[in-house]
Each structure stands twice: as structure tokens, then as C-alpha cells.
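The values are calculated or read from the model by the stated rules, or taken from the named source; none is laboratory data. Only a predicted model underlies this, so the values are computations on that prediction, with no experimental measurement involved. When we count neighbours, we look across all protein chains shown, and the Cβ atoms used for this are built from the backbone with ideal geometry, even at glycine. Surface accessibility is based on the protein's heavy atoms, side chains included, excluding ligands, DNA and RNA. Shrake-Rupley method; radii C 1.70, N 1.55, O 1.52, S 1.80 Å.
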Amino acid sequence: MKIEFGLEDLAKYPFLKEAGDYVKGLSLSIEDLRQDDYQPALKRAKERVIEAIQKNFISIEILEPNLEILSFPLALMLVKAIGIDYFMHRYSLAESLRAERLLEKEKKSIISNIFKSAFNVNLISTEHDVFDFKMSMIDYLIRATHFHKPEWKLINRIVEKGFVYVKTHELVRLMREEIRRIVYERMKSLSLPKIPENIKEIVDEISKALPPVPSKELQEVTPGMFPPCVMHVLDLLQKGQNVPHYGRFLLTSYFLGIGKSVDEVINIYPKAPDFSERLTRYQVEHIAGMRGGRRRYKVPSCRTLITHGLCFKDEILCDRIKNPLQFGRKPVNFKKKN
Amino acid sequence: MAISMDNKTIEFLKRTFREFYYKNSSKINAPIRMNEREFGYMSFDKVMIRHLSFQTEGELRAFLVKEVPHSVYYSCAYYHEPTLSMDEKGWKGADLIFDIDADSIPTNCKEEHDKWVCKDCNFMGKGKRPENCPKCGSMRIDEENWACSLCLDATKNEAIKLIDFLLEDFGISKDKIKVHFSGSRGYHVTVEESSLEGLDQLARNEISDYISGMGFSLESLGIAKGASYDDMRRSLPSINEPGWRGRIASFFTKLEFEGYDETNKDIRDKILYAYGKMGYKGFEDFTKEIVNKLSANIDVMVTTDIHRIFRLPNTLHGNTGMLKKKCDDLISFSPLIDAVVLSNEPVKLFVDKAPKFALKGNSFGPYNSEKVILPLFASVYLVGKGLAKVIDSD
Ligand code: SF4
Ligand SMILES: [Zn+2]
Ligand SMILES: [Zn+2]
């Protein structure tokens, strides 16, 4: 059965293969990109990349579906042209977060179609008063085992005849990693044509606006997604800017809190001369509870971070959370809809 | 406590097993997709051989008669190259398997028929072995465990609960679920040719936690600290709900609470009433107990091991001489009768020490350092356990 999507849908979810087919249908050549007609799409592509890499965010407004759809492959090309793997990751993540925001508000029928087309996952819509869909236990397990909160455990789900009941926002959360991977793989497999001058210029402009690439060590500990407050401190560190004391405390307690070792956390900090490693180690071990009071410090609450001016709340991803550790894992509860 | 096996006794066991495999060769069936599986066996010298493979049923049958293993195993996993080393085999998938063992199911009769002795100071006791010897603290402890019919009934009960989870919650069709008596102290349940085959260890861990009731959270029942009663009432399960929530709700229908009037009330009211009486902590413990009762006591290590080797059906268990036997009807299956396949031929034995036990409808013992003549099936049973040796069997 062929799945049909409208132009609007493709603009929202340009990673769908149907969107790719649409662009192919336009049979554009790289040379065409010089023409004035395509400047708006290029402009939007540039916006996409800069937003994504600077703020981990891509706006969801769609002014003109055509332009939006086209801007996606162009953006992939731009990021690829920058030629740094780290930014490809960061960009893919931002695209998946954008899709996540849109999916949260999406019609059930479209969600089903997207899941079928992009992930080959069959969703069955339910009239359950808490849950929107059920999915096969296998499709669920393959993905949910990467989450460690109790509410994702199979035993805490409603499981019936091989199906697991899920809410839309849970479903969307389950697929974040996959969307990210689809975007990343697409970019990875892209072969760059000889790039026209006007695009080279755009790539140069973008490169100037990019944050510095974090050290190898940091990339290893931080391949995932962190709350905006943590991202902010990481960025300050990377840019070599002054990090407030409380920001360091947040970073250290957060990474210890998600299970990183003392050594891994120490590696997050750059090895500049004024950061004598001994001092850093001392502080990290202190927070880990290996020194002094032997009490492991908790990650400060969002409320505390707000008062320190360190909160950069994301309306969707930080919704209903009280502590950065809960970021991206909204609790499942059995409260009824409405 | 155990007596070491002399050559004569080992020869006797091998002769008995060889004869059995020779006569019953046609009943040894190849497991499905045999050539994708690894085989292994333990010899009577207690040497473990692994990474074997068989291409045909005939090869497998010939092997049993020729090698006469103490125990034969096959992998639940499917491989590209089953004979290569673990890293090189190329894992393709694995049956979903469950092992239910009498050892891990508490029964009262264990106090009567199980015993242990410290290898270092000879201190001994009855029932389940302690972790450390209470006298000298040693962890080197010999156990002598028996699976009597009560123990095996308790084990069967767990298997029945397990199968209900597989059918109702996981929607696995009945014809894909195979149940076997292990030949010794429990049941093996195997799910073959299902779409679950490709699941990794983490996913199997979730399945095994689900079945064994690990990690159940009160919140999934609808109880949350600090939530209002109205909110909680709306979130609590009804009896006809599927899964764990429904199981727990139905369990509540059977409970009685002092001062609770059932008339015109819903199961949710009853649960809330209990919650109100017990408080959060009390209710949490109470639910844990319920979950414990309703869960099936499976060996988690087995289910989550995607390379596991499992005893081959229709082969003899070297410690008992009983068969790993398929239970077509689990309810009516009597392991201590139905899985006893060796003959009645008399054998002269010296029995060191053995409590009273029943096999094939006969009762034997107790014995205490004496010479006895027992039928072959009972002789192998005692000898296999290391409690007797053959003194004269022509
Ligand atoms: S809401 Fe919490 S997690 Fe989100 S940015 Fe603010 S402090 Fe960080
Ligand atoms: Zn001792
Ligand atoms: Zn017993």
C-alpha cells in the first residue's frame, strides 16, 4: 500500500523518503542553485543549519511548504560541506528534535503513516482513555530498552496479546534516536558535487558562526542530548569563556548523576594551564562524595538553576521537569486525557 | 556425603545409557533448524565438549550411541557457523527459553529431604543450604537436594503461570510454545519460530523481569504519593484490564478487608480502601507480595542468555536417568512416573545414605550404608546422584 502525504506533511517531516522523492521529482541540478528562484530555499537552509548547531533548535514555522522541503536536502549539503563529523551529529539531533515537536501535535493518522513509512513500525490507533496507540511488543522493546526510568520497563506497561500501549509523546520519544540516525545517515551517504561559488560563500559564512568543536574526550562522554542549561555551560567551556562556579557544579553533578565516572567528568574540562588538573580532580571528587563529607552532591533543581540564571528552558523538552536529570524523560502517568 | 564414582559404576551407567539410545534411536528427534545450532555434551568423565554441529538426524543418533554422553545440549541460538568460536559463530537469533527449577522454589518439604554439609568442618544441616557454614564460615558446601513430587508440583505451577503470560500478555500462539520436563528438577519452556527470535539480551531481560515480577512500580498501578484519591481512583485498573494491572485488580477480588463493604462498589474502591488502611509503605509491601504470588519463578540467567545451551529433548539426564520429556498435557503430566524410562531389571547396589523417595509409582528407602537390589531406573537415579555404587551387575 502506498502511503500518501500532503505537501505540508512533507515540509514538516522532510526526512521522509516521500519528501526525498518529491525533491527528486523536481530534477534540479546543482547549477540551478545559482538561479534567483532558489535563493529563498538556500537562505532557509542556512538558517536551519545555524539554528541547529548554535541552539540545538530548528524553528517549526512553515511559511512555504515547497521552500521548506527543498531547504532540508540543501541544509544537509551545507553541513556536509563544512566537513566536520561533530556538526553532522549536532545537526541531526536538532532535526530530530524539530520532528519531535511537530509530531507531538500531529494527527493520529499522520503519525501512523510516518511511523510506517520511516521506521516500518505499525501503529494501531486505540480508543483507550489514556493511550493513543498500541505497537508490537518487539517494536517497543527494541527501542525502550535504551531508557532506564521505571515507567519504560515492560512490566510497568499495559501489555496485551503482544502489544504495548503508548501515548503519542512516548512514541515520539522512542523514535528520537531513529530520526536522528536517519538524518545522519542521509548526510553521511551524500556525495558532494562540485559546489558553486555562491554556496561556498554560504558555507564560509556558516563556518564563521559555529561554536568551537569540543575535544575528543568531551565528544565521547557527550554523544547524547543534554538539557539546555548543561549545553549552555558546555558551550561556555568550549569557547574558553568564563564559567561561573555554579555552572561547573551543575556540569559535574549532572554528568556524575547520569553515571559518568570521575575520570570521564574530569576530561570534560579543558586542560588549560589555569585549570590545573589537580584542582579539577579535587573538585569533582568532592562533588562525587569521595572527599570531605563523603556525601554525593545532588544535581541542583531547575528552580535553583533559574535563580542562578543558568536555566535556558526549552518549552517542550523541559516541560514538567523539576530537575535537569529528568530532561527528555517525561514521567508516564496514568492520568486520563483531558 | 557423595561417594565418588568408581570405574565399575561409570561403566554401568554408560552401558545403560548406550543401550537406551540404541533401542530408542528412532525417538531422538533433531530440533528444528538443527544445522544452525551448536551442540555440546558432557561425558561421564565430566568433561564438557562444545561447538559441535550435526547435519542430519542420523548423525545425531549415531553420535549418542557412540559417545554415550552423560548429558547432551543444543543451543537455543541459531548461528551462521555453529562450530566456530563464540566470537566467530555469527549469531542469527535465538529461541526464547525459560527454565523453572525446583531449587529456587521454596517448599516446606525441603526441610525434610534436602541437606547440606560443610566440606571444611563437616557441620551439616537440613533444608536449603546457607550461604556460609554457620560454624566455620566456609562457602564450600555440599548439597543434596531432592525434587519430590510436591516440589515438582510447585514447579509445574510456576510453569502454568509462565505459559499464561506467554499466551495472554505476549500473544504467543500455543503451537509455538513447547514444554518439557527437564529430566531432573524442573521444566523447560521454549518458544520457537516466533518473531521474538531476534531480541537481544536487554529485551529478553525486560521479558524476564515482566514474567518474574521484577521492578513493578506502584505508579503503573495508578498509586502515587501525594496524588488525590479522586485522581488515583480514576487511574486504578479494572478487573478486565489486560496485563499486570488487570492481574492485580482480579487478585483483589479474592481478598477480604476488615470493615470493607463490597456492595455496589467497584474493585477500584476496594484497592483504595486497602491503600487508605495501609498507607503508602504498607501498600507498597502488600503489592510486592501480590506481584510475587502472581509472577512466575523463572531462572532469569537462562532467559537472558542468548547463547545458552539447553538439554536436548528426549535425551537422558546423567544425574537421574530420567528423560527430558515433552509434556503434551502439562496438567496431567507426572514427572516421577512419565519421565522414568529405564527398565525394571534388578541391580545390586551399595547405598551410602538415601532418604525415602518415590519413582515410577514405587516407593524406595530410606537406606543407610546397606546393600540392596533395586530396579535399573531407581539404581541409576541413586548412582547418578552419587549416593550409591554398583557392586554387582553382570
Ligand atoms: S528547565 Fe531545568 S533542565 Fe530545562 S534548562 Fe531549565 S534548568 Fe535546565
Ligand atoms: Zn564449616
Ligand atoms: Zn519436596
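Name the residues in the stretch A:9-31 that are part of a loop (DSSP other than H, G, I, E, B) and in contact (Cβ under 8 Å) with a residue 60 or more places away in the chain, would you? Quick ask: steps written out before the conclusion?
Just the residues of the stretch A:9-31 that are part of a loop (DSSP other than H, G, I, E, B), to begin with: A:13-16, A:26-29.
Matches in the stretch A:9-31: A:TYR13, A:PHE15, A:LEU16.
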| task | Give just the number: which of (1) crowded, with 19+ Cβ neighbours inside 10 Å; (2) away from chain B (no Cβ under 14 Å); (3) not small (Gly, Ala, Ser) does A:LYS107 not satisfy? | result | (1)
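Please pick out the residue among B:LYS288, B:LYS293 that is among the charged types (D, E, K, R), away from every other protein chain (no Cβ under 14 Å) and out of contact with any Pro (no Cβ under 9 Å at 6 or more places or on another chain). If you could, list the steps in order and put the result at the bottom.
Numbers: B:LYS288 fails: away from every other protein chain (no Cβ under 14 Å).
Being among the charged types (D, E, K, R), away from every other protein chain (no Cβ under 14 Å) and out of contact with any Pro (no Cβ under 9 Å at 6 or more places or on another chain) holds for just one of B:LYS288, B:LYS293, which is B:LYS293.
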| said: Suppose we filter the stretch A:180-202 for residues that are under 20 Å from A:GLN35 (Cα atoms) and in contact with a Lys or Arg (Cβ under 9 Å, 6 or more places away or on another chain); how many remain? | reply: 6
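For the stretch B:136-152, which positions are within 16 Å of ligand 3 (Cβ to nearest atom) and surrounded by 14 or more Cβ atoms within 10 Å (Cβ to Cβ)? Break it down stepwise before answering.
So the first thing to find is which residues in the stretch B:136-152 are within 16 Å of ligand 3 (Cβ to nearest atom), and the list is B:143-152.
Within the stretch B:136-152, B:GLU144, B:ASN145, B:TRP146, B:ALA147, B:CYS148, B:SER149, B:LEU150, B:CYS151, B:LEU152 meet the criteria.
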| task | Can you work out which of the residues in the stretch A:144-156 that are within 7 Å of chain B (Cβ to nearest Cβ) and in a loop (DSSP other than H, G, I, E, B) is nearest to B:LEU221 (Cα to Cα)? | result | A:LYS153
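Does B:GLY246 qualify as being in a loop (DSSP other than H, G, I, E, B) and more than 7 Å from chain A (Cβ to nearest Cβ)?
Values: in a loop (DSSP other than H, G, I, E, B): no; more than 7 Å from chain A (Cβ to nearest Cβ): yes.
Spelling it out, it is not the case that B:GLY246 is in a loop (DSSP other than H, G, I, E, B) and more than 7 Å from chain A (Cβ to nearest Cβ).
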| request: Inspect all residues belonging to the stretch B:169-188 and state whether any of them is in a helix (DSSP H, G or I), within 14 Å of chain A (Cβ to nearest Cβ) and buried (at least 22 other Cβ atoms within 10 Å of the Cβ). | output: yes
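Quick check on B:LYS126: is it in contact with a helix residue (DSSP H, G or I) (Cβ under 7 Å, 6 or more places away or on another chain), within 16 Å of ligand 2 (Cβ to nearest atom) and open to solvent by 30 Å² or more (accessible area, probe 1.4 Å)?
Details: in contact with a helix residue (DSSP H, G or I) (Cβ under 7 Å, 6 or more places away or on another chain): yes; within 16 Å of ligand 2 (Cβ to nearest atom): yes; open to solvent by 30 Å² or more (accessible area, probe 1.4 Å): yes.
The answer is yes for B:LYS126.
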| task | For A:LEU317, indicate whether it is at pLDDT 80 or above, near ligand 1 (Cβ under 10 Å from one of its atoms) and under 19 Å from A:PRO228 (Cβ atoms). | result | no
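Just for the stretch A:32-71: of the residues that are within 16 Å of the chain's Cα centre (by Cα) and part of a helix (DSSP H, G or I), which one is surrounded by the most Cβ atoms within 10 Å (Cβ to Cβ)? Reasoning before the result, please.
Residues of the stretch A:32-71 within 16 Å of the chain's Cα centre (by Cα): A:48-60.
Checking which are part of a helix (DSSP H, G or I) leaves us with A:48-55.
Values: A:ARG48: 25, A:VAL49: 29, A:ILE50: 17, A:GLU51: 17, A:ALA52: 22, A:ILE53: 24, A:GLN54: 14, A:LYS55: 15.
Checking each candidate, the answer is A:VAL49.
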| message | For the list (1) at pLDDT below 95; (2) out of contact with any helix residue (DSSP H, G or I) (no Cβ under 6 Å at 6 or more places or on another chain), I need the number of the one condition that B:LYS178 fails. | response | (1)
| Does A:THR222 satisfy the condition of being at pLDDT 85 or above, within 16 Å of ligand 1 (Cβ to nearest atom) and farther than 30 Å from B:GLY171 by Cα? | no
| message | Given (1) within 16 Å of ligand 2 (Cβ to nearest atom); (2) not charged (D, E, K, R); (3) not in a loop (DSSP other than H, G, I, E, B), identify the lone condition not met by B:GLY93. | response | (1)
| said: Take the conditions within 12 Å of ligand 3 (Cβ to nearest atom), aliphatic (A, V, I, L, M) and crowded, with 16+ Cβ neighbours inside 10 Å and apply them to B:LEU166. Does it pass? | reply: no
| Are any residues in the stretch B:318-336 over 25 Å from B:ASP175 (Cα atoms) and open to solvent by 20 Å² or more (accessible area, probe 1.4 Å), and if so, which ones? | B:ASN319, B:LEU336
| request: Taking only the stretch A:236-247 into account, find how many residues are over 21 Å from the mean Cα position of the chain (by Cα) and either open to solvent by less than 50 Å² (accessible area, probe 1.4 Å) or among the hydroxyl-bearing types (Ser, Thr, Tyr) (or both). | output: 3
| task | Could you tell me which residue of the stretch B:196-243 is farthest from the other protein chains (Cβ to nearest Cβ), considering only residues that are in a helix (DSSP H, G or I) and of a type in the set (Lys, Arg)? | result | B:ARG233
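Condition check ((1) under 22 Å from B:THR155 (Cα atoms); (2) outside any helix (DSSP H, G or I); (3) within 16 Å of ligand 2 (Cβ to nearest atom); (4) modelled with pLDDT of 90 or more) across all residues:
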{"position": "B:LEU60", "(1), (2), (3), (4)": "no, no, no, yes"}
{"position": "B:TYR74", "(1), (2), (3), (4)": "no, yes, no, yes"}
{"position": "B:GLU81", "(1), (2), (3), (4)": "no, yes, no, yes"}
{"position": "B:ASP103", "(1), (2), (3), (4)": "yes, no, no, no"}
{"position": "B:ASP120", "(1), (2), (3), (4)": "no, yes, yes, yes"}
{"position": "B:PRO134", "(1), (2), (3), (4)": "no, yes, yes, yes"}
